1. Enumerate the whole-percent occupancy of each 5 Å bin, from 0 to the last occupied one, for all C-alpha pair distances of the chain.
2. Please report, in debye to the nearest 20, how large the charge dipole of the chain is about its Cα centre when each Lys and Arg carries +1 at its beta carbon and each Asp and Glu carries -1 there.
3. What ³J(HN,Hα) values, in whole Hz, does the Karplus curve 6.51 cos²θ - 1.76 cosθ + 1.60 give for the stretch 114-119 when θ = phi - 60°, with x put for Gly and Pro?
4. If you filter the stretch 144-249 for chymotrypsin sites (Phe, Trp or Tyr not before Pro), then keep DSSP loop positions with at most 12 other Cβ within 10 Å, what is left?
5. Helix-only estimate, please: 222 nm mean residue ellipticity of the chain, summing -39500 (n - 2.57) across DSSP H runs of length 4 or more and dividing by its residues, to the nearest 500.
6. Compute the Cα gyration tensor for the stretch 62-123, then decide on rounded, prolate or oblate, letting a ≥ b ≥ c be the square roots of its eigenvalues: rounded whenever a/c is under 1.5, prolate when a/b is larger than b/c in the other cases, and oblate in all that remain.
7. Which of the peptides 106-117, 89-100 is most tightly packed, and how do the rest follow, judged by the mean count of other Cβ atoms within 10 Å per residue?
8. If contacts are Cα pairs under 8 angstrom and at least 6 residues apart, what is the relative contact order of the chain in percent?
Amino acid sequence: MIGMMTWTPPAGGVRQKSVVLETRALLHLRVAWASVARGPRTPEALVRRRVLTAAKRLRKAGVTRLVVPEAFAYGEQLEKVGVAPVSTLPLRRALAADLARAVMAGRNLSGGSARLAVAGDQLSGELVRTVTELALGNRYVLLDVPYGGDTLANQLRREYGVSLLLSPTRQQMEEADVLVLFAARTDLRRRDPAVLRLYDEAAPLPPLLLPPVLEGQMPPGLCRPQLLAVLVESGVLRPGQITVGTAES
């Protein structure tokens, strides 16, 4: 079972439980929900104890992955009992092409002239989908993978009439307008910040928007990327329902 944790503000002098665990439904997804009392004057030591208590109760309920509150700083307490924050990497990879297009839009880059480079340590399904989407809308797409690139390039040329630049040089990769990395590349030196690090949980994400009918059902206070990752993984939300905004959205 997936868990979720939110902060409960002080109840204005009314006595309240420090930790409340219950089962809730979110878009038909059943989750274990921990509400932890925390206010602006709550001592940090007390918050840590409450988070640890909540984590223990969640683990006892069968939770191993948790959607945490925004700006959560208590991962050590979760780790002690075998609970981990939900990974956002699958969501980042599912939205890779949209993320790249959002970067292009924010920089006023044209699909006819911009150079997009995609690199990975294997030709995964997510990478294939990303390259296919980008190649259909952009003239210059570079692909750097250790194997399988020729097969994909031939398939795209045969089915869609589009081409890829295979095995680009390091200089070509570094000079790309947008660099999409499915795995770390320590050999590349770039001053330009247009790099999508799809392997890095800490990499910032642009706004991820939903249609109003769904947005109104989203609980506040949770880490947005983790929440959407869980909903996509569980099948109650499709990646296509998520709109990637720009920093100004």
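Each value in this text was obtained by applying a stated rule to the coordinates, not by laboratory testing. All figures in this text were calculated on a predicted structure; none of them were measured in a lab. Backbone-built Cβ (ideal geometry, glycine too); neighbour counts: all protein chains shown.
1. Binned Cα distances yield the sequence 1, 6, 12, 15, 15, 13, 11, 9, 8, 5, 3, 1, 1, 0, 0.
2. Charge dipole of the chain: 1120 debye, to the nearest 20.
3. Per-residue couplings from phi come out as 5, 10, 10, 10, 10, 9 Hz.
4. Filter output for the stretch 144-249: Y147.
5. That comes out to -10000 deg cm²/dmol.
6. Cα axes put the stretch 62-123 in the prolate bin.
7. 89-100, 106-117
8. 20
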